[in-house]
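Read-outs: derived from the displayed coordinates by stated rules, not from any lab. Since the structure is predicted, the reported quantities are computational estimates derived from the model, not experimental observations. For neighbour counting, all protein chains shown are included, and Cβ atoms are generated from backbone atoms with ideal geometry for every residue, glycine included.
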Amino acid sequence: MNAISAKLQAALPGIKKWIDQTLQDHINVATPVSESPFTRLKDHYPDVLLARARVVVVPRVPFPPVTQLGLPEFRAMEMMSLAGVTYKDTFFVCNGQQRDSLYFHELVHVVQWDRLGVDNFLLAYAVGLMQHGYEQSPLEQMAFELQARFDQQRVPENLVEFINVRTDGVWETARRFLESG
Ligand SMILES: [Zn+2]
């Protein structure tokens, strides 16, 4: 394990605790995505996924206090005002930004979380962020690319499978990085 890997592993419990607390704090205001007015989502995501995924509309999307949790390198993320963010099967969207394109993007992340599980999603996301910055980090890049295809009505068929395969590739790269050195 290299030093970065050790540092990320050490920060994981605090981040996971923060995520669980944040989800718990919003459990009463989280609504199923299947109840949203955005019917185009049904063309691409399975009904069971849309019924399980939750959305929370907030004035400002919550982000873990990464500096406080031992990862000051991600301070820039903490300061960004994101339109949306996904934790497990729940995504938060900034009030006023509700639109199908953003929901589609966040649902890409829901599928990624499902595929990787909590620890591996967080590790892969952190490695990508360190190596490429926010928009080019592979899990974001995938979501932005697919969102653009949604906007252009060019979403791949078997979307979930497409995301799963790509996500496996992202994890493989992150895993190799974490085991190197
Ligand atoms: Zn994203």
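Net charge of the neighbourhood of Gly133, taken over other residues with C-beta under 12 Å away and scored Lys/Arg +1, Asp/Glu -1, is -3. With the simple model of a label 7 Å out from the Cα in the direction of the Cβ, Asn164 to Lys16 spans 2.4 nm. Val57's amide H: which non-local residues (gap 5+, or another chain) put their own amide H closer than 5 Å, with H modeled 1.01 Å from N in plane and none for Pro or chain starts? HN-HN under 5 Å from Val57: Val93. Express in whole angstrom the spacing between the alpha-carbon centres of segment 132-181 and segment 9-76. Distance between centres, Cα-based: 18 Å. Net charge in the neighbourhood of Lys42 (other residues with Cβ under 15 Å of its Cβ; Lys, Arg +1, Asp, Glu -1) is -3. The angle between the Cα long axis of helix 100-132 and the longest principal axis of the Cα atoms of the chain comes to about 10 degrees, rounded to the nearest 10. Considering helices alone, the calculated mean residue ellipticity of the chain at 222 nm is -19000 deg cm²/dmol, with DSSP H runs of length four and up weighted by -39500 (n - 2.57) and normalised per residue. Here the ratio of the Cα radius of gyration of the chain to 2.2 N^0.38 Å is 1.00. Both the radius of gyration and Dmax for segment 99-165 are 11.8, 33 Å, in that order, over alpha-carbon atoms. With a Förster radius of 30 Å applied to the beta-carbon distance between Ala6 and Glu157, the computed FRET efficiency rounds to 0.15.
Taken one residue at a time, the phi angles of segment 143-155 give Karplus couplings (6.51, -1.76, 1.60, θ = phi - 60°) of 5, 5, 5, 5, 4, 4, 5, 4, 5, 9, 6, 10, 5 Hz. Gly and Pro are set to x. Loop-located trypsin sites (Lys or Arg not before Pro) across segment 51-96 with a Cβ neighbour count of 11 or fewer within 10 Å are Arg60, with loop assigned by DSSP.
Packing around the peptides 104-110, 10-16, taken as the average count of other Cβ atoms within 10 Å per residue, puts them in this order, highest first: 104-110, 10-16. In this structure, the amide hydrogen of Thr90, modeled 1.01 Å from its nitrogen in the peptide plane, lies closer than 5 angstrom to those of Arg54, counting only residues at least 5 positions away or on a different chain.
Remark: segment 160-172, residue by residue, has Karplus-estimated 3J(HN,Hα) of 4, 5, 4, 5, 4, 5, 5, 5, 4, x, 4, 4, 4 Hz, where x stands for each Gly or Pro and the curve is 6.51 cos²θ - 1.76 cosθ + 1.60 at θ = phi - 60°. Each label point was placed 7 Å from the Cα along the Cα-to-Cβ direction; for Gln98 and Thr31 their separation is 0.5 nm. Among 151-158, 79-86, 27-34, 111-118, the peptide with the highest mean count of other Cβ atoms within 10 Å heads the list, and the full ranking is 111-118, 79-86, 27-34, 151-158. Using θ = phi - 60° in the Karplus curve 6.51 cos²θ - 1.76 cosθ + 1.60, the 3J(HN,Hα) couplings for segment 47-61 round to 4, 5, 5, 5, 6, 8, 5, 10, 10, 10, 8, 9, x, 8, 6 Hz; x is entered for Gly and Pro.
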